[in-house]
1. Which of the following residues is of a type outside the set (V, I, T) and in contact (Cβ under 8 Å) with a residue 24 or more places away in the chain: L100, L92, L96, L43?
2. Scan region 110-146 for residues that are without any contact (Cβ under 8 Å) to a residue 12 or more places away in the chain and among the aromatic types (F, W, Y) and jot them down.
3. So which of A17, A73 ends up being at pLDDT below 80, within 17 Å of the chain's Cα centre (by Cα) and among the aliphatic types (A, V, I, L, M)?
4. Tell me the helices (runs of 4 or more DSSP H) entirely within region 79-170 that contain at least 3 residues that are at pLDDT below 85, surrounded by 11 or more Cβ atoms within 10 Å (Cβ to Cβ) and within 20 Å of the chain's Cα centre (by Cα).
5. Considering only residues that are touching a helix residue (DSSP H, G or I) at 6+ places or on another chain (Cβ under 9 Å) and of a type in the set (V, I, T), which ones fall in region 1-27?
6. Just need a number here: residues in region 20-53 that are at pLDDT below 90, among the aromatic types (F, W, Y) and under 30 Å from P130 (Cβ atoms).
Amino acid sequence: MEEVAFFAGAIGALGGAIAVIALRNPFYSVLALVVHLVALAGLFLLLHAEFIAAAQVVVYAGAVMVLYVFVAAYVGGVEEPIWEPIAGQRFLAPLLAAALFIELSIAILGTGLKAIGGDGPTIPLGFGSPASIGELMLERFLIAFEAASLLLLIAAVGAVVLAGRKHQEPPIVVEEQPPSKSPSREEVARIGS
């Protein structure tokens with residue numbers, strides 16, 4: 001049963017991650033990211049890290065995704081340029097992606113196959129508990145934790161500032177026309193006759 005849950009979580013995580021970059025609509029991309037994060041929470045449950053799984057769902061799939069939805073709604077759809085910003089990127093990007101895939105495959109297969117016959121790591125008694133997570137976040141990884149939160153804040157503020165610049169319209173300038181002179185009686189009489 002554990003194997004079925006692992007493969008279901010892995011397929012959900014990979015499918016959600018691929019959908020994030022494949023979908024063009026930002027709202028659908030955010031929903032695909034929610035699917036990805038919930039699948040990761042399921043994988044954390046398989047590792048007996050219940051607190052991290054709950055935090056994954058509440059913090060990332062909940063609060064951060066709401067922030068992303070608001071930013072995507074505020075910024076709106078962005079039109080893609082007709083011309084290529086980098087010459088030849090349509091041919092270079094798939095080659096670099098294939099090279100990265102091959103490199104990661106070699107690294108994963110080279111190190112992951114050695115652990116197949118083993119029992120895996122031994123999990124200490126308090127692993128994944130709120131006390132051990134809090135101790136790690138507030139002692140050992142405090143600077144990284146605060147840097148990540150500051151980075152999220154800067155990204156959200158930057159998106160709002162960029163969207164504000166985009167939605168500002170230039171002020172409407174009304175040119176004053178010189179006062180028109182009213183026709184004289186002779187002009188009116190000449191036009192009428």
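1. Checking each option against the conditions leaves just L43.
2. Within region 110-146, F141, F145 meet the criteria.
3. Working: A17 fails: at pLDDT below 80.
Testing whether each residue is at pLDDT below 80, within 17 Å of the chain's Cα centre (by Cα) and among the aliphatic types (A, V, I, L, M) leaves just A73.
4. Here the list reads 142-167.
5. I11, I18, V20, I21, listed by residue number.
6. 1
The values are calculated or read from the model by the stated rules, or taken from the named source; none is laboratory data. The model shown is predicted, which means the values in this text are computed figures rather than measured ones. Using ideal geometry, Cβ is built from the backbone for each residue, glycine included, and neighbour counts are taken over all protein chains shown.
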